[in-house]
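Worksheet: the structure to be examined is printed underneath.
Please treat every number below as a calculation from the coordinates, not as lab data. In this text, all values refer to a predicted model and were calculated from it rather than measured experimentally. Note that each Cβ is placed from the backbone with ideal geometry, even for glycine, and that neighbours are counted across all protein chains shown.
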Amino acid sequence: MKDQIAILVSLQQIEIESSSVNAHLCSISKQLDLLENSRNELDQRITDEAAKIEESRKLYRSHESDIKQNQVMIKRSQERLNSIKNNREYQALLKEIEELKRTNAATEDLMIDCLNQIDDAEKRTAAMQEALQLVQNDILREQQVVGAETEIAGKRLKELDRERLKMSCKIDADVLKLFQKVQSQQVRGNAVVPVQDAVCHGCYVNIPPQMYNELQRCDKLRMCPNCQRIIYWKQN
């Protein structure tokens, strides 16, 4: 049984390394995902700014058209002044001209606001485009890293699969079945853990003294009564 326990420990080490390799692949994949999310967010923000710029330009052109129309009306009204003899009509026309001029002045202020908004949006867009370029460069580098790491990890996982198969052929079917069952029940931690000084290193709870004495014989597989992992005696 001591040999079977040794094989179980080796199998456990293979599982630990396999989990570590897969966790590393997951980690670098998440990093790439984060970068791609940043790129997508910047793309969307640049698109939003472009829409704001276009809206401001449309509003600017609309104000510009209004001013031109008012200028035409002002010119026509000024031409009519010379032909009006009635003082009341003359004053009314002057008031109309002044009102059109005030409207144009206010519209010109709105046009300046539009230009300022366009300028601010273009500056923000330029800054975001620079940031986007940096993120795209990071993505290219990360893709190269992920590609290289994935290739290395893939080779190592294949090696571990071969080692797992080799070890599985050396172990009793019932022992392997028990190992696989315990392993499937462990959300975290290992299926096979050592016991030192009567303490299970899976749950860190003391096992009964009698079991600890029996465990040192290494004559059969035993389970921790607390966490239900396969346990084996490890000398200090």
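Quick check: net charge around Q183, other residues with Cβ under 11 Å of its Cβ, Lys/Arg +1 and Asp/Glu -1?
Here the count lands on +2.
Per DSSP H run of at least 4 residues, take -39500 (n - 2.57); add these up for the chain, divide by its residues and hand me the 222 nm value, nearest 500 deg cm²/dmol.
-29000 deg cm²/dmol
Mind sorting L11, L115 by how few other Cβ atoms lie within 10 Å of their own Cβ, fewest first?
Fewest-to-most Cβ neighbours within 10 Å comes out as L115, L11.
Need one number: % antiparallel among DSSP beta bridges in the chain, to the nearest 5.
55
Show which lysines lie in cross-link reach of K52 when reach means a straight Cα distance below 17 angstrom and same-chain residues fewer than eight apart are skipped.
Within reach: K123.
Name the long-range amide H neighbours of R229: under 5 Å, sequence gap of 5 or more, or other chain; modelled H, no Pro or chain starts.
C224
In whole angstrom, note down how far apart the Cα centers of region 84-101 and region 128-155 are.
71
Pop out the ³J(HN,Hα) list for region 164-179 in order, Karplus 6.51 cos²θ - 1.76 cosθ + 1.60 with θ = phi - 60°, rounded to Hz; leave Gly and Pro as x.
4, 5, 4, 5, 5, 6, 8, 10, 4, 4, 5, 5, 5, 4, 5, 4
So which residue, out of I53, I67, I118, gets the largest mean-square fluctuation from a GNM of the chain using Cα contacts under 10 Å as springs?
Highest fluctuation among the options: I67.
What Kirkwood hydrodynamic radius, in Å, does region 48-126 give when the mean of 1/r is taken over all pairs of distinct Cα atoms and then inverted?
Computed over region 48-126, the radius equals 14.4 Å.
Translational diffusion coefficient of the chain at 4 °C, 1.567 mPa s, Stokes-Einstein with Kirkwood Rh over Cα pairs, in µm²/s as a whole number.
50
Can you put R222, R102 in order of Cβ neighbours within 10 angstrom, beginning with the fewest?
Ranked by crowding around the Cβ, least crowded first: R102, R222.
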